[in-house]
Amino acid sequence: MVSTAVPGAHAPHRRLGVWHAVAVCIGMVIGAGIFKSSPVAAANLPSADALLAVWIFGGAMSLAGAMCFAEMAAAFPDQGGDYNFLRQAYGDGIGFLFAWSRFAVIHTGSMALLAFSFGDYLATIVDLGVNGPVLLAGATIVLLAALNLAGIHFGIGTQLWLMLLVVAGLVGIIVAGALGTAPGAQGPVAGPAAGPAGGHLGAALVFVFLAYGGWSDTATLSAEMRDGEHGIRRALIAGMTIVTTLYVLANWAFERGLGHAALAASDAPAADLMRLVFGRPGQVIIVAVVAITSITSMNAILIAGARTTYAAARDTAVLGRLGRWHAARGTPTAAIVAIAAVSLALVAFGAYTRGGFSTMVDYLSPVYWLFLTLSGAALFVLRRKFPDAARPFRVPWYPLVPLAFIGSSLYVLYSSLVYVRAGAVAGVGVLLIGAVLLLALRAYAGVRDRAQP
C-alpha cells in the first residue's frame, strides 16, 4: 500500500505566502493557448455574448477543479502532483498509464501545439511560404532540445519575468480593443474557421478549457503554503479570478476590434487586432510576446517532461535507457531526445492533417480530460480509503464543487470524442499502446519472478 503520511523530514517545507502562490498560479495558467483558442471557440458559438459566457464558465470550473487538487495535495503532499493522487486512489497501473500519457500524448502534444502557435504567429511577419509555420514549429523544437541537451535552460526568475511579459501583452490587447473599431467590424481574414460545421458548444469548451490548463500543477503548492488551511484557497481564488478576468477582457477586445466573424476566421487574432489599431509596430510587438510565451512554455514542458520520463524509466528495467542521466551536462539526455523526437513526429502529423494547432488539441484532449476526470473522482476515493489522513484544506461546498468539476470534465471528454477526427483517434490509440505496454511489463515481471530461485 502507498504511504499516506504527510509529516516527516522529507515533506515539502511550508514557506510560500499567498501572493507568491498567486504569481505562480498566473504564470502556470496563462500561456500561448489563449492566443489560438479564441478563434476556434468563436467559430463554434453564435455570438460574442456566448463566447464571453463560456470563458467565464471555463474559469469557474477550472477553479472548482483546482480546489479539489488543493485538498488532495494538502493531504498527500508529493512532487508528483496528480500522478501521486492517481496512484494513491487507483493503484500503480493507472499511475503508469498516466506517466505514459504524459510522455506520449500530453507533454509531447502540448509541445507540438505550442510550436504551431509559435509558427502561426511568427509567419504573420516572416513569410516562408505556405509551409512556413510548420518549418518554424519544427525548428523551434530542435533548437530547444539542443539547448537542453547542452544543459542550458531558463531559470525560475526568468520564467517569472516572462510571465509578466505575457500579462502585459494581454493588457495591450485589451487596450487595443478599447481603442479599436466598433462591434461588427471586419478585420483581416487569415484562414478558414476551425471547428465542426454548424458549431458545437462542447467543441468550444474543449479549446476554452485548454487555455485554462495549468491549474492542476498550481494546486500542488498547497503542500508548501505557510497558511495550510486558508492560504491555497485564497491564492487559487485570487489567481484564477485574475486569469479569468484577463481572458474574458481579451476576448471582449477581440470581438470589439475584429468582429465575431473575423475572429472566428483568424489564425492570429492578437496580431490582426494589434495591426489594425497600432499598425505594423503593434503587430510585431504582440508576435514577439506570443513567440516568447510559446518558447518559454515549451522549454518548461521539455524540462519537466524529460525529468518525469527519466524518473519513470529509471524504475522500469525494460525502459532503462531512457532512465540515464548525463552527469557532465546535468540532463536526462535520452529522455530529452525521445520527447523532442515524438514532438517532431506530431508536428509532421499536424502538417499532414492540415489542422496544425487544432489537430494537436484533438490529439491530447481525450486523454487529458480522461485523467483529469479520474483525478477529480480520486477526491471521493481518497476520502473513503484514508478517512483519518490530515486534511489542512477541504473543498468548500462538498460534494457539489467536485461533482460540478467531474461533470464538466466528462462533458469536455465527451465533446473531444463526439466529432471523431484523426487527432483524437491517434491520441486514444497511443493510450491503448500504453495499456499494452503495461500488460507486457507485468508479464515480463511475472516471468522474471518465477525464474528467480
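The values are calculated or read from the model by the stated rules, or taken from the named source; none is laboratory data. For clarity, every value in this text was computed on a predicted model and none was experimentally measured. For neighbour counting, all protein chains shown are included, and Cβ atoms are generated from backbone atoms with ideal geometry for every residue, glycine included. These area figures cover heavy atoms from the full protein model, side chains too; ligands, DNA and RNA do not enter into them. Shrake-Rupley method; radii C 1.70, N 1.55, O 1.52, S 1.80 Å.
Over all directions, what mean area does the Cα convex hull of the range 334-453 project, stated in square nanometres? Walk me through the intermediate numbers first.
Values: hull surface 48.7 nm².
Over all viewing directions, the range 334-453 projects a mean Cα-hull area of 12.2 nm².
If you take all other residues with their beta carbon under 13 Å from the beta carbon of Pro269, and give Lys and Arg +1 and Asp and Glu -1, the sum is -1. Ranking Ile232, Ile303 from most to least accessible surface, computed with a 1.4 Å probe over the protein chains only, gives Ile303, Ile232. Other residues with beta-carbon under 13 Å from the beta-carbon of Ser358 carry, at +1 per Lys or Arg and -1 per Asp or Glu, a net charge of 0.
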